[in-house]
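Notes follow the structure.
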Amino acid sequence: MSPRAGTLFGTHDEIRRAVADLHDTMVAWRRHLHQHPELSFEEHETSRFVARVLAETEGLDVTPCAGTSLVARLRGTGSGHTIALRADMDALPVEEENDTPYRSRIPGVMHACGHDGHVAMLLGAARVLAARRKHLRGEIRFLFQHAEEKLPGGAEAMVAAGAMDGVDAVAGTHLWSDLDVGRIAVTYGPMMAAPDTFRIVVEGRGGHASRPHQTVDSLAVAAQIVTNLQHIVSREIDPMTSFVVSVCSFHAGRTHNVIGGEARLEGTVRSYDPAQRALAARRIEEIARGVAAAHRAACRIEYEHGYRPVVNPEGLTRLFDRTAQDLFGAEAVDHDQRNMGGEDFSAFQARAPGTFYYVGCRNRARGIVHPNHHPRFDIDEAALAQGAILHCAFAERLLDAESFDERA
Ligand code: NI
């Protein structure tokens, strides 16, 4: 236990009380956002709403950044570290199937990934920390980010616009439906994968279904390509590593008695290792071209690199782990939630040490069990308080830290 543990617990009690006082307000913010979701790159009303709440919070210096993103700066009384906390703000093209008083009012658009909750937690943290600014040294920067769900993502644009300039450490969180409310997932090292996208168009020659010999059947060729792409993972990637190649979309033909001239495939590659990532990009092209050529077809391939993988550094993550355990007990912290999802929080991690963690939002007793991105996804709103407390306590711990490694 560090010598500061006593004061830390005292500080934590003050933070807990302040967040508890604000909890109903955070729930109201989250429900407002949930009712008015906006898609990636279209977060205009969301951004205005966040700006309004931040304007009502004394001590913050708020500036628009890279489209609909916002950066709020909170400066303490003395010089010190600059640390950043991030929330993403966009919703998904999903039709909500929940029947709650706060269900989405926008047809076909839903906060199905909990980003409404991320915004509410960070607004809550900004308000609590702003009220405590006379105790703080250094700067806390609140990053409200547009477009996490869609390439090229908002994080990279925020970085390019200077949001991370001078930042010494950054933290971010995601509400997570695989975890019960009350639990937190801390991951050391690789946590989320690099998500790339590929598109393959197979060009054959259409014709009558009864005379296949006069055609080049694009559908049959594309089916072979789908099968052959599975060899990348099963026969070319070290089985001790994590890697995914999935073909998720296959469009060919229009009716039962016409062989179509063109077939379109789309899929995703999920990786952690840059060399394996490069191998897959190369081999998808070689296999698709080779299979097409073997069957007299041609093909066009586009390969789009997505976000970098989310990889959490040891020292900063250890500090977060200790903060979470001090606050909620060792039994509340899970250390096994790596996955092959993607997240552009990695763009911030490329500019400063950064750690990403999950806050549980599942509640089986209340039927809140559907996964992120599901039309019936919802959160146990008690998670909002836990997330805000973690933001505040970790921010203060980082400002107090002499360095961001495990000995601090
Ligand atoms: Ni998300």
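Key figures for this structure:
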{"quantity": "Candidate set: the stretch 133-151, residues that are surrounded by fewer than 19 Cβ atoms within 10 Å (Cβ to Cβ) and more than 13 Å from the chain's Cα centre (by Cα); chosen: the one nearest to the ligand (Cβ to nearest atom)", "calculated": "Arg133"}
{"quantity": "Residues of the stretch 358-380 classified as open to solvent by 10 Å² or more (accessible area, probe 1.4 Å) and assigned to a loop (DSSP other than H, G, I, E, B), total", "calculated": "11"}
{"quantity": "Inter-residue pairs, beta-carbon under 9 Å, first farther than 20 Å from Val94 by Cα and in the stretch 361-380, second within 15 Å of the ligand (Cβ to nearest atom) and β-branched (Val, Ile, Thr), 6+ apart", "calculated": "Asn363/Ile379"}
{"quantity": "Residue check for Ile301: in a strand (DSSP E or B) and either more than 22 Å from Ala112 (Cβ to Cβ) or modelled with pLDDT under 95 (or both)", "calculated": "yes"}
{"quantity": "Residue in the stretch 109-131 that is of a type outside the set (Phe, Trp, Tyr), assigned to a helix (DSSP H, G or I), over 17 Å from Val62 (Cα atoms) and more than 14 Å from the ligand (Cβ to nearest atom) present", "calculated": "no"}
{"quantity": "Among residues of the stretch 188-246, those that are within 30 Å of Pro353 (Cβ to Cβ) and hydrophobic (A, V, I, L, M, F, W, C), counted", "calculated": "8"}
{"quantity": "Cross-chain or 6+ apart pairs with Cβ under 9 Å, the stretch 144-158 first and free of Cβ contacts under 8 Å to residues at least 60 places away in the same chain, then small (Gly, Ala, Ser) and away from the ligand (no atom under 13 Å from the Cβ)", "calculated": "Pro152/Gly306"}
{"quantity": "Subset tally (residues that are in a loop (DSSP other than H, G, I, E, B) and either at negative phi or touching a Gly at 6+ places or on another chain (Cβ under 9 Å) (or both)) for the stretch 162-184", "calculated": "8"}
{"quantity": "Some residue of the stretch 337-347 being within 16 Å of the ligand (Cβ to nearest atom), surrounded by fewer than 20 Cβ atoms within 10 Å (Cβ to Cβ) and small (Gly, Ala, Ser)", "calculated": "yes"}
{"quantity": "Options Asp196, Asp180: the member that is more than 15 Å from the ligand (Cβ to nearest atom) and within 15 Å of the chain's Cα centre (by Cα)", "calculated": "Asp196"}
{"quantity": "Any hit, the stretch 384-402, residues being closer than 19 Å to Met110 by Cα and either open to solvent by 40 Å² or more (accessible area, probe 1.4 Å) or assigned to a helix (DSSP H, G or I) (or both)", "calculated": "yes"}
{"quantity": "Some residue of the stretch 204-222 being in contact (Cβ under 8 Å) with a residue 12 or more places away in the chain, aliphatic (A, V, I, L, M), assigned to a loop (DSSP other than H, G, I, E, B) and over 25 Å from Cys392 (Cβ atoms)", "calculated": "yes"}
{"quantity": "Verdict on Ala157 being within 16 Å of the ligand (Cβ to nearest atom), under 16 Å from the mean Cα position of the chain (by Cα) and modelled with pLDDT of 95 or more", "calculated": "no"}
{"quantity": "Near pairs, Cβ below 8 angstrom, 6+ apart or cross-chain, from the stretch 305-318 (of a type in the set (A, V, I, L, M)) to any residue that is open to solvent by 30 Å² or more (accessible area, probe 1.4 Å) and not in a helix (DSSP H, G or I)", "calculated": "Val310/Pro190; Val311/Pro190; Val311/Tyr272; Leu316/Pro353; Leu316/Phe404; Leu316/Asp405"}
{"quantity": "Subset of the stretch 213-230 that is out of contact with any strand residue (DSSP E or B) (no Cβ under 6 Å at 6 or more places or on another chain) and open to solvent by less than 70 Å² (accessible area, probe 1.4 Å) - its residue that is farthest from Phe250 (Cα to Cα)", "calculated": "Asn228"}
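The values are calculated or read from the model by the stated rules, or taken from the named source; none is laboratory data. Remember, it's a predicted structure, so these values are computed and weren't measured experimentally. Heads up, the Cβs are rebuilt from the backbone with ideal geometry, glycines too, and the neighbour counts pull from every protein chain shown. With ligands, DNA and RNA removed, areas are computed over all heavy atoms of the protein, side chains included. Shrake-Rupley method; radii C 1.70, N 1.55, O 1.52, S 1.80 Å.
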